[in-house]
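Undergrad: So that we are looking at the same thing, I have put the structure below in structure tokens.
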Amino acid sequence: MRISRDRVSSLLVIAPSVLAVAIFVYGLIIWTGYISTVQWDTLRPDYTPVGLANYQSIFAQNRFLMDIRNTVVFTIFFIAASLTIGLLLANLIDRQIRAEGVFRNIFVFPMAVSFIVTGVVWKWILSPGQAASFGTPAAPQGVNQLFGLDPASNRWLTDAHVVYIAPDSPIYGFLHSIGLGFITSPNIGIPIALLSIVLAAVWQMSGFVMVLYLAGLRGIPEELKEAARVDGCSEWRIFRHIVFPLLTPITLSAMIILGHISLKIYDLTVAMSGSGPGFSTDTPALFMWQTAFRDDYFGRGAAVAIIMLLLVAGVVVPYLVWNRRQEVEA
Amino acid sequence: MKLPSRRILAVISVAALVASACTSSSSTTAPSAGAAGASGTCAAAANATPIEAVSWWTTGGEAAGFNAIINKFNCDNPQYFVTNSAIAGGAGSVAQAALQNRVLNGTPPDTFQVHMGHELLDTYVTPGYMDNLDDLYTTNGWTTQFPKGVLDIVSAKDSSGTLHYYSVPLDIHRANVLWYNKTVFTANNLTAPTTWDQFFTVADALKAKGITPLAVGDNGIWANGMLLEDVLIGQLGADKFDGLWTGTTDWSSPDVTTALTTYQKILTYVNSDHSSLTWDQAADYLIPASAGAQPKAAMTIMGDWAAGEFDNKGFTDYGWAAAPGGTGIYQALADSFGLPSKAKDKDGVKKFLTLLGSAAGQDIFNPYKGSIPANTQAGNPPAGQKQYSTYQKWAMGEWKADTIVPSMEHGAAAAPSWKGAVETAVTAFVANPDVPTLQTALVQACKDAKVCK
């Protein structure tokens with residue numbers, strides 16, 4: 001068989017990047033996976049195999065369970081809010097308004113800012129200020145000062161409460177009686193402080209979602225909508241039954257992009273609140289960093305990294321498969 | 001004619017950019033004489049051996065002090081040239097990860113800053129990355145010039161039971177200090193509390209007057225961990241507090257339970273926004289917004305770097321005392337420098353370390369840093385040099401008289417992983433103050449550190 005010259009040169013051209021990706025991405029993933037099964041718990045590498053002991057040890061830590069909770073809660077709220085706001089903005093801008101470009105840029109601009117900068121600014125905005133304690137007059141700051149809110153009841157980033165099904169809740173006994181008692185734990189709940197982080201993240205990313213949706217809206221042929229109007233459809237029904245279904249691929253892409261951002265989130269929470277009160281804003285990434293580089297438990301740190309990889313893969317792989325199938329169909 | 005000359009100019013400026021990028025990225029290259037800066041700075045001789053000292057001192061008095069002592073060394077020893085390759089980042093949190101990478105790869109800096117005690121011992125000494133400094137301690141007489149409390153902290157026994165010294169402490173900070181607003185205390189006829197019982201009396205009086213008694217900024221949870229240490233010192237005393245970290249004091253004892261209950265009570269006297277503040281923002285609560293106004297809080301408990309914060313803000317109306325329960329007990333932490341086994345020129349590094357440990361060297365550095373010299377012979381800088389402040393003079397007196405205990409939060413008493421476990425327990429406690437849960441976690445942390453059984 002003769003290989004064409006084109007083929008040879010194309011192989012030569014892509015070989016370096018394939019090699020680099022193989023070593024620096026997949027090679028290191030395998031290495032991390034290996035490290036997660038060895039003892040290595042001081043600065044000096046120790047490759048004594050310990051099986052899954054590192055995984056057992058991190059799952060035995062309540063902090064890690066809270067981190068998983070935080071990740072799930074953050075992901076749900078962040079994706080839902082960004083998609084809703086992004087879709088709303090895209091529809092508003094898609095009305096042939098004057099100076100559309102100006103508005104579009106205003107909404108997209110936050111995305112150009114790094115999460116660290118966003119975090120620092122929102123930390124200032126969402127620091128509650130001192131509440132009226134011990135007779136001292138309240139000294140609200142940021143958003144509390146702006147809207148005249150009482151720092152005592154608007155704790156924002158410093159709110160240590162977790163909303164969960166507590167023993168005094170009416171359904172607590174019922175859940176226990178049907179064997180679902182395990183969901184009445186604070187580890188299955190919504191930490192209030194985390195919602196402040198969601199707020200900052202949504203501010204940053206909803207403009208990006210808007211752009212995606214705007215591109216999607218512009219791709220829908222006007223004839224389809226015209227036809228529906230001729231048939232007497234209301235604008236809402238056109239949106240609900242024609243526009244929205246045609247936007248499904250956009251929604252899916254946006255969910256994947258936002259989802260993997262939220263699973264890996266680190267810089268934003270570190271800049272805003274660190275671990276937060278009672279680990280209410282802690283993330284697996286911060287836990288991993290501290291485990292590996294502060295405590296020198298490199299094996300356990302690698303185990304956390306692998307779990308994060310599996311979480312992200314759980315989101316991204318089905319998307320890639322779906323994407324591939326779309327391409328084959330098209 | 002115009003165009004080519006412009007082109008030449010462009011080429012030259014690009015070349016200059018590239019050249020400057022090269023010199024700034026190679027940290028071991030000695031800067032040229034022109035780049036050295038301040039007047040009186042000694043430049044590198046052409047054949048000088050470079051010595052790279054890594055620190056996390058990048059700004060303010062600490063960088064000025066360290067550069068002053070480095071300059072002294074470079075002027076006196078033209079055959080060497082020490083550079084301060086600083087890595088910015090609070091208390092070395094960033095420096096540590098970068099450093100560990102270099103040590104792991106077998107290319108450590110020639111010497112580096114690390115908190116004396118277990119942060120050095122457990123991270124670098126036990127895995128065998130450091131040389132001991134026994135000969136420096138013997139030849140320089142440091143075994144008598146440094147107090148016993150410091151010698152205990154910088155030394156460790158090897159597998160055969162022989163004691164070795166591993167680092168040279170350059171400065172000493174005190175962790176357990178109470179700072180208060182003098183005007184508020186005078187106006188309310190209060191004196192600085194010396195026990196926790198007195199603290200509650202004072203705090204209740206302040207509360208009745210509508211003043212937040214204690215300002216805490218535990219956005220970095222370590223500030224709250226220091227408070228816990230102060231309570232343990234007050235309840236247990238120096239020896240039994242030491243014992244907590246060596247395994248001779250039982251973490252599940254009733255004494256510890258009492259201390260934790262006191263700790264729980266203290267947290268009800270603090271500012272409501274403590275978890276969004278850093279330690280320095282909390283210290284600023286003692287500073288009134290305008291002269292004569294009431295400050296947001298009357299006291300804060302923080303290491304003696306708080307004095308530098310007050311001085312920088314131009315606030316002079318502050319008083320200090322040992323933290324409640326800590327009278328006569330000096331809880332110390334120190335920045336120290338050691339000798340990595342793979343340092344390139346060990347003789348040169350030892351010479352530099354000799355200056356860092358000497359009375360003369362410590363009197364150059366510490367007046368800038370706001371700390372006190374670890375060497376008890378130091379304390380009288382020659383005229384013409386920067387002198388010690390009133391606080392530093394007070395602290396030097398205490399240093400010579402007090403019992404010295406190590407700081408857990410600042411790396412002296414416990415391994416970083418143990419500190420991490422304590423901080424995890426404290427973070428949970430601040431959100432949900434339950435004493436038995438905290439005590440269980442602390443008992444477990446000691447077991448995980450393989451110090452308790």
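No value in this document is a laboratory result; all are computed from the given coordinates. Nothing here was measured: the structure is a model prediction, and the numbers come from that model. Using ideal geometry, Cβ is built from the backbone for each residue, glycine included, and neighbour counts are taken over all protein chains shown.
Undergrad: To the nearest 10 degrees, how steeply does helix B:2-25 sit against the main Cα axis of chain B, on a 0 to 90 scale?
TA: 50 degrees
Undergrad: Further question on the same structure: For the protein assembly as shown, what proportion of DSSP beta bridges, expressed in % and rounded to the nearest 5, is antiparallel?
TA: 60 percent
Undergrad: Residue by residue through the stretch A:45-56, which ³J(HN,Hα) values in whole Hz follow from phi under the Karplus form 6.51 cos²θ - 1.76 cosθ + 1.60 (θ = phi - 60°), with glycine and proline marked x?
TA: For the stretch A:45-56, the Karplus-derived couplings read x, 9, 9, 5, x, 10, x, 9, 4, 5, 5, 4 Hz, x marking Gly and Pro.
Undergrad: Rounding to the nearest 20 debye, state how big the charge dipole of the protein assembly as shown is about its Cα centre with +1 on each Lys and Arg Cβ and -1 on each Asp and Glu Cβ.
TA: It comes to approximately 2080 debye.
Undergrad: Then there's this: May I ask you to evaluate 6.51 cos²θ - 1.76 cosθ + 1.60, the Karplus curve with θ = phi - 60°, for each residue of the stretch B:246-258 and list the ³J(HN,Hα) values in order in whole Hz, giving x for glycine and proline?
TA: 3J(HN,Hα) across the stretch B:246-258, in whole Hz: 10, x, 8, 9, 7, 5, 8, 5, x, 4, 5, 4, 4.
Undergrad: For peptide A:290-297, how many partner chain Cβ atoms fall within 10 Å of a residue's Cβ, on average?
TA: Neighbouring Cβ atoms belonging to other protein chains average 6 per residue here.
Undergrad: If I build a Gaussian network model for chain A, linking alpha-carbon pairs within less than 10 angstrom, which residue out of A:I165, A:I197, A:I68 has the largest mean-square fluctuation?
TA: Greatest mean-square fluctuation among the candidates belongs to A:I165.
Undergrad: Another one. Is chain A rounded, prolate or oblate when judged by the Cα gyration tensor, a ≥ b ≥ c being the square roots of its eigenvalues, rounded requiring a/c under 1.5 and prolate requiring a/b larger than b/c?
TA: Oblate is the answer for chain A, as a/c is 1.5 or above yet b/c matches or exceeds a/b.
Undergrad: Still on this structure, please answer the following. Under 5 Å between amide H atoms, partner at least 5 residues away or on a different chain: which partners does B:Y330 have, H built in plane at 1.01 Å?
TA: Distant-sequence amide H within range of B:Y330: B:T403, B:I404, B:V405.
Undergrad: Is it possible to state the helix-based mean residue ellipticity at 222 nm for chain A, with each DSSP H run of 4+ residues giving -39500 (n - 2.57), the sum divided by total residues, to the nearest 500 deg cm²/dmol? What is it?
TA: Rounded to the nearest 500, it is -19000 deg cm²/dmol.
Undergrad: Which value, in debye to the nearest 20, gives the size of the charge dipole of the stretch A:103-246 about its Cα centre, when Lys and Arg are +1 and Asp and Glu are -1 at the Cβ?
TA: Using Cβ point charges on Lys, Arg, Asp and Glu, the stretch A:103-246 gives about 220 debye.
Undergrad: Separate question: Size of the dipole of chain A about the Cα centre, Lys and Arg at +1 and Asp and Glu at -1 on the beta carbon, nothing else charged, in debye to 20?
TA: 560 debye
Undergrad: Report, by chain and number, residues whose modeled amide H sits under 5 Å from the one on B:T49, excluding near sequence neighbours (fewer than 5 apart, same chain).
TA: Sorted by chain and number, the residues that satisfy this are B:Y80, B:F81.
Undergrad: Which one of A:I85, A:V13, A:T42 has its Cα pushed farthest toward the positive end of the charge dipole of the stretch A:1-107, where Lys and Arg give +1 and Asp and Glu give -1 at the Cβ?
TA: Highest projection toward the positive end goes to A:V13.
Undergrad: List the residues, sorted by chain then number, that are 5 or more residues from B:S341 or on another chain and whose placed amide H is less than 5 Å from its amide H.
TA: For B:S341, the qualifying residues are B:M130, B:D131.
Undergrad: Near B:K344, which lysines are there with a Cα under 26 Å away, not counting those fewer than 8 places off in the same chain?
TA: Within the straight-line limit of under 26 Å, B:K344 reaches these lysines: B:K72, B:K157.
Undergrad: If packing is taken as the mean number of other Cβ atoms within 10 Å per residue, what is the order of B:317-327, A:177-187, highest first?
TA: Packing order, densest peptide first, comes out as B:317-327, A:177-187.
Undergrad: So which chymotrypsin sites (Phe, Trp or Tyr not before Pro) in the stretch A:1-93 are both in a DSSP loop and have at most 12 other Cβ atoms within 10 Å of their Cβ?
TA: Loop-located and lightly packed - A:Y47.
Undergrad: What percent does the relative contact order of chain B come to when contacts are Cα pairs within less than 8 Å and at least six residues apart?
TA: RCO, chain B: 23 percent.
Undergrad: Here's a follow-up. Using a 10 Å cut-off around each Cβ of peptide A:133-141, what is the average number of partner chain Cβ atoms that fall inside?
TA: Mean partner shielding for this stretch: 6.
Undergrad: While we're here: List the trypsin sites (Lys or Arg not before Pro) in the stretch B:313-370 that DSSP assigns to loop (not H, G, I, E or B) and whose Cβ has at most 15 other Cβ atoms within 10 Å. Which are they?
TA: B:K313
Undergrad: Please find, in a Gaussian network model of chain A (springs between Cα atoms separated by less than 10 Å), the residue of A:L214, A:L126, A:L224 whose mean-square fluctuation is greatest.
TA: It is A:L224.
Undergrad: To continue, here is another question. With contacts defined as alpha carbon pairs under 8 Å and 6 or more residues apart, what's the relative contact order of the stretch A:9-70 in percent?
TA: Over the stretch A:9-70, the number comes to 19 percent.
Undergrad: Any idea how far the Cα center of the stretch A:290-313 sits from the one of the stretch A:213-276, in Å?
TA: 33 Å
Undergrad: Then there is this: Name the residue farthest towards the positive end of the dipole of the protein assembly as shown from the options A:S57, B:P324, B:N181, assuming +1 on Cβ of Lys and Arg, -1 on Cβ of Asp and Glu, about the Cα centre.
TA: Of the listed residues, the answer is A:S57.
Undergrad: Under 8 Å for C-alpha pairs, at least 6 residues apart: give me the relative contact order for chain A, rounded to a whole percent.
TA: Relative contact order comes out at 27 percent.
Undergrad: Run lengths n ≥ 4 of DSSP H only: what is the helix-derived mean residue ellipticity at 222 nm for chain B, with -39500 (n - 2.57) per run over all residues, to the nearest 500?
TA: -14000 deg cm²/dmol
Undergrad: Sorted by average packing, counted as other Cβ atoms within 10 angstrom per residue and highest first, what order do B:331-337, B:144-150, A:170-176, B:429-435 take?
TA: Packing proxy ranking, top to bottom: B:331-337, B:144-150, B:429-435, A:170-176.
Undergrad: Among B:A205, B:L227, B:T246, pick out the residue whose Cα is farthest towards the positive end of the charge dipole of the stretch B:192-275, where Lys and Arg carry +1 and Asp and Glu carry -1 on C-beta, about the Cα centre.
TA: Comparing the listed Cα positions along the dipole, B:A205 ranks first.
Undergrad: DSSP beta bridges in chain B, what fraction antiparallel, as a percent rounded to 5?
TA: 60 percent
Undergrad: Output ³J(HN,Hα) for the stretch B:237-244: one whole-Hz value per residue in order, computed from phi by the Karplus curve 6.51 cos²θ - 1.76 cosθ + 1.60 with θ = phi - 60°, and x for Gly and Pro.
TA: Once θ is set to phi - 60°, the couplings for the stretch B:237-244 become x, 4, 5, 6, 5, 3, x, 4 Hz.
Undergrad: Using alpha carbon centroids, what distance separates the stretch A:104-127 and the stretch B:318-389, in Å?
TA: The two parts, judged by their Cα centres, are 42 Å apart.
Undergrad: Taking each residue in B:408-419, count the Cβ atoms of any other chain within 10 Å of its Cβ, then average. What number comes out?
TA: The per-residue average across the peptide is 2.
Undergrad: Compare the peptides A:93-99, B:183-189, A:118-124 by average per-residue count of other Cβ atoms within 10 angstrom and give them in order, highest first.
TA: In decreasing order of mean packing, A:93-99, B:183-189, A:118-124 become A:118-124, B:183-189, A:93-99.
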